[in-house]
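The values are calculated or read from the model by the stated rules, or taken from the named source; none is laboratory data. The model shown is predicted, which means the values in this text are computed figures rather than measured ones. As a convention, Cβ positions derive from the backbone with ideal geometry for all residues, glycine included, and neighbour counts pool all protein chains shown. Only protein heavy atoms, including side chains, enter the accessible area calculation; ligands, DNA and RNA are left aside. Shrake-Rupley method; radii C 1.70, N 1.55, O 1.52, S 1.80 Å.
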There are 2 protein chains.
Amino acid sequence: MNTLFAAMSVFVVALSVPVVKANEPAPALMPWPAEIKMQSGRFRLDSGLRLAVDGQVSDRMAGAATRFLRRLDERTGLFLAQNRISTADRDSTAQIRLACHRPGRLELFEDESYRLTITPAGVELSAVTDIGILRGLETLLQCLAADQDGYYLPALQIDDAPRFPWRGLMLDVCRHFMPMEVIKRNLDGMAMMKMNVFHWHLSEDQGFRIECKTFPKLHEMGSDGFYFTHAQVREVIAYAADRGIRVIPEFDMPGHATSWFVGYPELASAPGPYEIVRSWGIMDPVMNPIREETYEFLDRFLAEMTALFPDDYFHIGGDENNGKQWNANPEIQTFMQAHGIPDNHALQMHFNNRILELLTKYGKKMVGWDEILHPGMPRNIVIQSWRGKEALIQAARQGYQSILSNGYYIDLMQPTDFHYLNDPLPADTPLTAEEAKRILGGEATSWAELVTPETVDSRIWPRTAAIAERLWSPATVQELDDLYRRLNRIDFLLETVGLTHRRNTELMLRRLADGGDIEPLRTLIDVVEPVKIYNRHRQGKTFTSYSPYTRAADAAHADQPVARNFRRLVQDFLQQRDRTQAEQIRLLLARWQANDAALQKTLHRSPISRDVAPLSKSLALIADHGLQAMDRLERGKHLTAKELDAARLDLQQAKQPAAECELMVVSAIEALVESAATKAKSR
Amino acid sequence: MNTLFAAMSVFVVALSVPVVKANEPAPALMPWPAEIKMQSGRFRLDSGLRLAVDGQVSDRMAGAATRFLRRLDERTGLFLAQNRISTADRDSTAQIRLACHRPGRLELFEDESYRLTITPAGVELSAVTDIGILRGLETLLQCLAADQDGYYLPALQIDDAPRFPWRGLMLDVCRHFMPMEVIKRNLDGMAMMKMNVFHWHLSEDQGFRIECKTFPKLHEMGSDGFYFTHAQVREVIAYAADRGIRVIPEFDMPGHATSWFVGYPELASAPGPYEIVRSWGIMDPVMNPIREETYEFLDRFLAEMTALFPDDYFHIGGDENNGKQWNANPEIQTFMQAHGIPDNHALQMHFNNRILELLTKYGKKMVGWDEILHPGMPRNIVIQSWRGKEALIQAARQGYQSILSNGYYIDLMQPTDFHYLNDPLPADTPLTAEEAKRILGGEATSWAELVTPETVDSRIWPRTAAIAERLWSPATVQELDDLYRRLNRIDFLLETVGLTHRRNTELMLRRLADGGDIEPLRTLIDVVEPVKIYNRHRQGKTFTSYSPYTRAADAAHADQPVARNFRRLVQDFLQQRDRTQAEQIRLLLARWQANDAALQKTLHRSPISRDVAPLSKSLALIADHGLQAMDRLERGKHLTAKELDAARLDLQQAKQPAAECELMVVSAIEALVESAATKAKSR
C-alpha cells in the first residue's frame, strides 16, 4: 500500500538533494492513515525541543499539546525543558508547530482530518479543527523511534482523515460497576485509537448507575451505592471532550429496566415489588407503556438527563423486551385491542414514539438498538445494529442512519481478525452510494456480565484497536500479518496511557498461584482462551454479580498471541519446511510438554488454579505427539497407525473445554500430526 | 515468641481429646497479633459457608463482612452462595459469627481489640467495637490456607489489640497530585495493615489540592486543575470510615504555602505576584503574621475546612519556614520590635497561637510538625516529630502528646529493617511511664517530589507494612528473618486489594525496554536500588514537577528482595560453608555475569534505558570476581595478589552510583572476595 506515494517521494528527494537517501521505514501506526509517504531523514529529539501553536487555539489544543510533551518525556526520559503549552505559545521558530483554523465541535461529521509533515528540521501538524490536531498528535507519538544516537521522528508526510464519522466504544457499567478510573483510562485508549464516541450504558436490570436528582430512589435503591454523581458525569464529559470524544448516554427502556422498578415499581407492567437483579439473562420486567404516569415520569427524567449530557444524540436502548409482562397484564391487552395495536412490537413502537416526542422536545436525536426500527419512525433516528448486518442494510435502504455493532461484541472473546474484517460497508455492499452514506460507522460493545474493573481492559484491548482501524482507515487496509505486527506494538503503547490489560493479568496469575512462581501457569494460559460467544455460561458454573471473576478463564485473554503465532508458524512450516521454523516449533512443543510437571507445584499450592489440570495434561500429551510428528516429518518418515490413533485420541480429548477455557494450539498440532501421517508416506 | 501460649494450648488439647494432634503452623500474619495460640484442626471452606453477625451491628460492620466474603471468594474461587451481609443476618448456626458490643467511634484511643477463635467447627470473632471486628476480619483473611483437600482456616485463638493508638500514613498529594483511586487503594492497604490514621497533606508550595468554596482562587489558581472537590473529600472520608480509618487534613502554614499566594498574594509577607512552584526545596514565601487580614482569611478558611473534616484533630504543618521574607519585610521587623518578639521562632509561635485560637473555636485540636512546639503552647496539641526522636522525648517530658515520623520517611528509599527497628518507645527509653503514655504512635510519610501515581504504591508498600507492625504489635516482636518471611507473603496480599506496587513495575520495565523483552532489565533492576535519603537530587539531574519519573531509578524499589536475600545467603555461606548455599550463590553470580551481554539488545533498542549501562557492566565484572572467589573458597585456594587487586578495583568502581541507582550486592561479593583472599590462606 502507498507504494505509489513512496515512489513519488523518492523522486522528489532525488530532485532536491544531490545524494538519494533511502526512505525511512514506516512506523507501526494504528489506525493506519489514509495517505502516508515515507521520506528520508530523521528529526532528532533532545531536551531543547520546543513546541508552538498557531491559528485559533483552544484550551483543548493547548492541553493536548501539554499532554503530548509529557507523554513524550515519559517514554524518552529526555527531561524536556518545555513544561506547559498555553494558547499563547506561538514561537514560530519552535521545531514542532501545530496549527488549526478553528476549535472543533463535538458533533457528528465534524472535521477530524490533519496533515503531518516531519522533516529533519522539524514537525508541522495542521488541521481544520483542534480535534484534527488531537488525532495528529496521537499519530506523531506513534512515530517515535530510536537509533544509536537517540530518539528521532522519521521524515514523512501523512494526510489523514477518518472513513466513518462514528467510531465508538460502548461500556456497560451496570452488570459490573466500572469506577471513574476505568472510564478515564479507556477514554485515553480510545483517544490513542482516534475513536470519537463513548457510549455509556448507564441503566440495566442489574443496576441504575447515575445519580438522578428528580427521582433519587433510582440510584439510591437501584445501585447498591455504585453510581456516578452528576459531578462525576460532568467530569467524564469534560475529560472526553478534551480528547475529542462525544459522550452518548444510554438508558435502556422499556426492557432491561428492573433496577428502575426497585424504587418506582409503578413504572413496571406488573405490580412488583422488585429487587436489583443479580443474575444474567433476559428479564421479564418492562415499563408500562399504557399509563400516562409512565410518560410523565420519563418526561421529567429526560429533562434532567438531556440537560446533563450535551451531545445531540441520546440512546434509549430498546432491546430484548420479551413481552411477558405485557402479555400477562389485562389492562395492557385491553389497551392494545382498543387502539388496534396488533402485537408487542407495535406496542413498543407506540412507546418509542412517545419517547421520541420527549427527546425531540429536549432537542435530542434518538439512538436505539435494532428493535426501535419500525416503518413510520422519523428518519433522523439512528439505528445501532446488534443483530446482524442485514438490519443495517435494511435500515439504510429505508432511509435510516445506522451504526454497526454486530461483529464488534468484544466481550464474546472472539479473535481480532474476526472483528477486523467485519466491515460496516464491505466492497460488495448491495447499497447505493446514497444509501451507503447512511452507514455512519460502528461501535465496539463491552458488555460486563463476565467482566470486572480488574479484567475490563483486557476484554477491550488490544482488539478494539483493530475495530478502531476498521472504522478510521481506508477499506483496503486489511492485510492481517501487517495488522498483527502493528497491533503487537500498539498493545504495548496502550499500556503507557494507563490501561491495565497486561499488568492486571500478571496480578491475576500471581493470585491464581497464591503468590508462588507464575511461570508454569503463564506458559499454560498463554495458549488458552476462554470459551467464546456465550459458551462460558454453559460449562457448569452459574455466574452472578457476586461470582469470583478471578479464575483461569478470567486471566486468559482472547486471541492469545503465543497461540496465534504458533498456528501461523506451523502453517508456514508445513508449506516451506524451513529449518528455523522447525526449531521454533520444537522449542515451544518441548516447553509445553514439560510444563505440566512444572505446574503441579502451583496446583498443589493453590486450589483455585486446579481446574486447569485437564488443560495442562492435554497440552503436555499433544505437545508430545507434536514432537513425534516433527521428528517424523524432518526424517521423512511417517507415524505408525498405532501412533496416529493415539495422537488422534489425545487431540480429540484436547478439544474439550475445561475450566471454561480451550486450548488454542490443538488444530496446529493436529495439522503436524496429520501431515506426518500422510505426507511422509508420499516421500 | 508465644511459645508459652503454644505449649499451653497443646496441654489443653491433651486434656480434652484422647489423641494429641500437632498444632497447625502459624500463618504469616502482619501485624503480628498480641497473643496467638495455634491449635490442632482445620476449619474447611466451601461454597456453603455462611457468615452471621450479632450484637449492635453497624452498616460499617455489615459492609466489611460483605467485602470479606467477596475477597475470600476472589482468592478461593469457591462461588460462595452468600452474597451480601446485612445487619439482620443473625443466623446463629452460621459457621462464621461476628459479634460486637457497639459501633466504634473514629477517635483517638477507641477500642480496636478483638478475639478470634477458629476451630474445626467454625469461626468466632468478637470485639468491643465494630472497628475491632474490622481488624479481626483482616487477620482472618490472612489465615486462609490450603491443602490437598482445598481451602481451610487453621485452628487458633488470637487475642489482639494495638500497642499504639495512632498508626498513620501521610500522603503528599501536592508535589505530585494523587487521584482518587490512589487514595482509595492505599486506604485499603492501610486497612489490611490495621492502620487507623490517613494524614492528607493537602497544600504545598507546589499545589493547593482541595476545593475551597470560600476562597475559590485557592484551588482555581493554585492547582493546575488537580484538586479534590468537597464531594470527593467526603467520599474519601466515608471510604476511610468504612475501614476504621480517621482522616486528618494538613494545611501547611505559614510556610510551604506559595500555592495559596497565587490567588491571594496579600496573604504573603512579600508583595508577589506568585506562581505555582515547579521545583523542589524550601521556598521563601510565607504568610504575613502581622496583618489582621491574614487571620480573618484563615478564620473563614478554617470555618469551611473544619466543617468538612469531622476528625477531632487538624494538622497545620508549621515546618521549614526559612524566615527570609520576614527578615526582609520592614513592617514585620517593626512589629517584632514593638511587641518584643525576639526572633522568627517566636514570631511563628505568635502565628501559631492565633491559629490555635481559631481551631479551638471550631472544636479542633491542633497537630503540627516539631516546629510548632514552644514553651507556652497548651498541652492538648500533638507534635509530629520529623526531625528526630530527641524532639519526641522533649515533647513528652514537657507534657505534649506526640507521634513519630522521623525514621518513617518512606520516600527516602531506606530498607525495611531500618524503619522496622525504629521504635517510638524503645526498651531503653528515658521517659517515665506517665511520659511514655504521651507517645501516641507514629506515621509513615510519603512525600512526593520523586513520586507519581504510577510509582507511589511501590514507594509506600510493602515497607509501610513493617511500620504498621511496629506500631501495632508488642515491642518484643522484632525478629528480622521472621519479618521478612511474613513480609514476602504480605507483599503479595497487598496486591490483591488493588495496590499496584508490583504490576506497575512490570509496566515500567516494559516501557524502559520499549516493549521488548524485559528479563535482562529485570535481572539488573532486581539488585539495584535508587540512591537513598536525598542523594537522588545530587546525581546531575534537576527534578521538577514535569520531569519524567519513568527511568530505572523509578522502576527500582527500596530494599530489593533479590539483593537482600543474596546478602543474607553470602553471610550464611561464609559462616556455614553449605554446599546448597554455594550452589545458589554460583547460580546468581553466573546469571549476573551473563546479564550484561543479554541487556545490550535492550540498551540498543531503547535510549531511555542506557543510563544503566555502567551498573550492568559493573555487575558483570564483580559477579565474575565473585565466581572466582567461590571457586577458590570451595577448593581451599586463595586469590593471587593480582586477582585480588583487580577485584578490589572493580568492587570499588561498582560502589559508584549510576542512573541515580546503586548496586546492592557489592558488599556481599566483596565479602566473598575478601574471604577468598584471607581465609583460604589459613586452611
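Filtering the range A:574-629 down to residues that are within 14 Å of chain B (Cβ to nearest Cβ) and over 35 Å from the mean Cα position of the chain (by Cα), which residue is nearest to B:Glu74 (Cα to Cα)? Looking at residues that are within 14 Å of chain B (Cβ to nearest Cβ) and over 35 Å from the mean Cα position of the chain (by Cα), I get A:Arg605.
A:Arg185: modelled with pLDDT of 95 or more and touching a Leu at 6+ places or on another chain (Cβ under 8 Å), yes or no? Yes: the conditions hold for A:Arg185. Once the range A:278-298 is narrowed to residues that are without any contact (Cβ under 8 Å) to a residue 60 or more places away in the chain and either within 14 Å of chain B (Cβ to nearest Cβ) or not in a loop (DSSP other than H, G, I, E, B) (or both), the residue that is least open to solvent (accessible area, probe 1.4 Å) is A:Thr294.
Tally time: how many residues in the range B:78-109 are of a type in the set (A, V, I, L, M) and under 20 Å from B:Ala240 (Cβ atoms)? Final tally of qualifying residues: 2.
If the condition is being under 13 Å from A:Glu674 (Cβ atoms) and either in contact with a strand residue (DSSP E or B) (Cβ under 9 Å, 6 or more places away or on another chain) or open to solvent by 80 Å² or more (accessible area, probe 1.4 Å) (or both), then the range A:639-664 contributes A:Asp645, A:Arg648, A:Gln652. Remark: pairs (first residue in the range B:249-276, surrounded by fewer than 24 Cβ atoms within 10 Å (Cβ to Cβ); second residue hydroxyl-bearing (Ser, Thr, Tyr) and assigned to a loop (DSSP other than H, G, I, E, B); Cβ separation under 6 Å; 6+ apart in sequence or on different chains) = B:Val262/B:Tyr274; B:Pro265/B:Tyr274. Looking across the range A:137-165, the residues that are away from chain B (no Cβ under 14 Å) and not in a strand (DSSP E or B) come down to A:Leu137, A:Glu138, A:Thr139, A:Leu140, A:Ala161, A:Pro162, A:Arg163, A:Phe164, A:Pro165.
Residues in the range A:69-90 that are away from chain B (no Cβ under 13 Å) and more than 20 Å from B:Glu275 (Cβ to Cβ): A:Arg90 only.
In the range A:227-279, how many residues are farther than 25 Å from A:Arg105 by Cβ and in contact with a helix residue (DSSP H, G or I) (Cβ under 9 Å, 6 or more places away or on another chain)? Looking only at that region, the number is 25.
Can you confirm whether the range B:581-593 contains a residue that is among the charged types (D, E, K, R), touching a residue at least 60 places away in the same chain (Cβ under 8 Å) and touching a Gly at 6+ places or on another chain (Cβ under 8 Å)? No.
Considering the conditions (1) open to solvent by 10 Å² or more (accessible area, probe 1.4 Å); (2) aliphatic (A, V, I, L, M); (3) part of a loop (DSSP other than H, G, I, E, B), A:Ala238 is excluded by exactly one of them, (3).
Test A:Thr360 against the criterion of being assigned to a helix (DSSP H, G or I), open to solvent by less than 70 Å² (accessible area, probe 1.4 Å) and of a type in the set (Val, Ile, Thr), and give yes or no. No; evaluated as a whole, the condition is false for this residue. Here B:Ala465 qualifies as modelled with pLDDT of 95 or more, assigned to a helix (DSSP H, G or I) and among the aliphatic types (A, V, I, L, M). So, in the range B:299-330, exactly how many residues are open to solvent by 40 Å² or more (accessible area, probe 1.4 Å) and not in a helix (DSSP H, G or I)? Looking only at that region, the number is 4. Take the residues of the range B:522-543 that are surrounded by fewer than 16 Cβ atoms within 10 Å (Cβ to Cβ) and among the hydroxyl-bearing types (Ser, Thr, Tyr): which is nearest to the other protein chains (Cβ to nearest Cβ)? Here the answer is B:Thr542. Of the residues making up the range B:363-403, those that are open to solvent by less than 40 Å² (accessible area, probe 1.4 Å) and either touching a Gly at 6+ places or on another chain (Cβ under 6 Å) or outside any strand (DSSP E or B) (or both) number 19. Within the range B:329-356, residues that are more than 11 Å from B:Ile372 (Cα to Cα) sit with their Cβ atoms under 7 Å from residues that are modelled with pLDDT of 95 or more and hydroxyl-bearing (Ser, Thr, Tyr), at 6+ positions apart or across chains, in these pairs: B:Asn329/B:Ser269; B:Ile332/B:Ser269; B:Arg354/B:Tyr295.
Among the residues making up the range B:385-409, those that are out of contact with any Asp or Glu (no Cβ under 7 Å at 6 or more places or on another chain) and not small (Gly, Ala, Ser) are B:Lys389, B:Glu390, B:Leu392, B:Ile393, B:Gln394, B:Gln398, B:Tyr400, B:Gln401, B:Leu404, B:Asn406, B:Tyr409. Looking across the range A:499-521, the residues that are open to solvent by 30 Å² or more (accessible area, probe 1.4 Å) and more than 8 Å from chain B (Cβ to nearest Cβ) come down to A:Asp517, A:Glu519.
The set of residues in the range A:147-160 being touching a helix residue (DSSP H, G or I) at 6+ places or on another chain (Cβ under 8 Å) and either closer than 18 Å to A:Ser473 by Cα or touching a residue at least 40 places away in the same chain (Cβ under 8 Å) (or both) consists of A:Gly150, A:Tyr151, A:Leu153, A:Gln157, A:Ile158, A:Asp160. From the list A:Leu425, A:Leu440, the lone residue that is open to solvent by 30 Å² or more (accessible area, probe 1.4 Å) and in contact with a strand residue (DSSP E or B) (Cβ under 9 Å, 6 or more places away or on another chain) is A:Leu425. Residues of the range A:460-482 that are over 15 Å from the mean Cα position of the chain (by Cα) and either closer than 18 Å to A:Ala558 by Cβ or open to solvent by 10 Å² or more (accessible area, probe 1.4 Å) (or both): A:Pro474, A:Ala475, A:Thr476, A:Gln478, A:Glu479, A:Leu480, A:Asp481, A:Asp482.
Out of all the residues in the range B:544-563, which are among the β-branched types (Val, Ile, Thr), out of contact with any strand residue (DSSP E or B) (no Cβ under 7 Å at 6 or more places or on another chain) and within 11 Å of another protein chain (Cβ to nearest Cβ)?
Of the range B:544-563, the ones among the β-branched types (Val, Ile, Thr) are B:544, B:550, B:562.
Of the ones still in play, those that are also out of contact with any strand residue (DSSP E or B) (no Cβ under 7 Å at 6 or more places or on another chain) are B:550, B:562.
Passing the criteria: only B:Thr550.
Going through (1) open to solvent by less than 10 Å² (accessible area, probe 1.4 Å); (2) more than 9 Å from every other protein chain (Cβ to nearest Cβ) one by one, B:Phe492 falls short only on (2).
In the range B:49-87, the residue that is nearest to A:Leu512 (Cα to Cα) out of those that are surrounded by fewer than 19 Cβ atoms within 10 Å (Cβ to Cβ) and touching a helix residue (DSSP H, G or I) at 6+ places or on another chain (Cβ under 6 Å) is B:Arg84.
What are the residues in the range A:241-261 that are under 15 Å from A:Tyr274 (Cβ atoms) and part of a helix (DSSP H, G or I), if any? Scanning the range A:241-261 gives A:Thr258, A:Ser259, A:Trp260, A:Phe261. Hey, among the residues in the range B:431-465 that are of a type in the set (Gly, Ala, Ser) and in contact (Cβ under 8 Å) with a residue 60 or more places away in the chain, which one's nearest to B:Thr544 (Cα to Cα)? If we take residues in the range B:431-465 being of a type in the set (Gly, Ala, Ser) and in contact (Cβ under 8 Å) with a residue 60 or more places away in the chain, then B:Ala448 is nearest to B:Thr544 (Cα to Cα).
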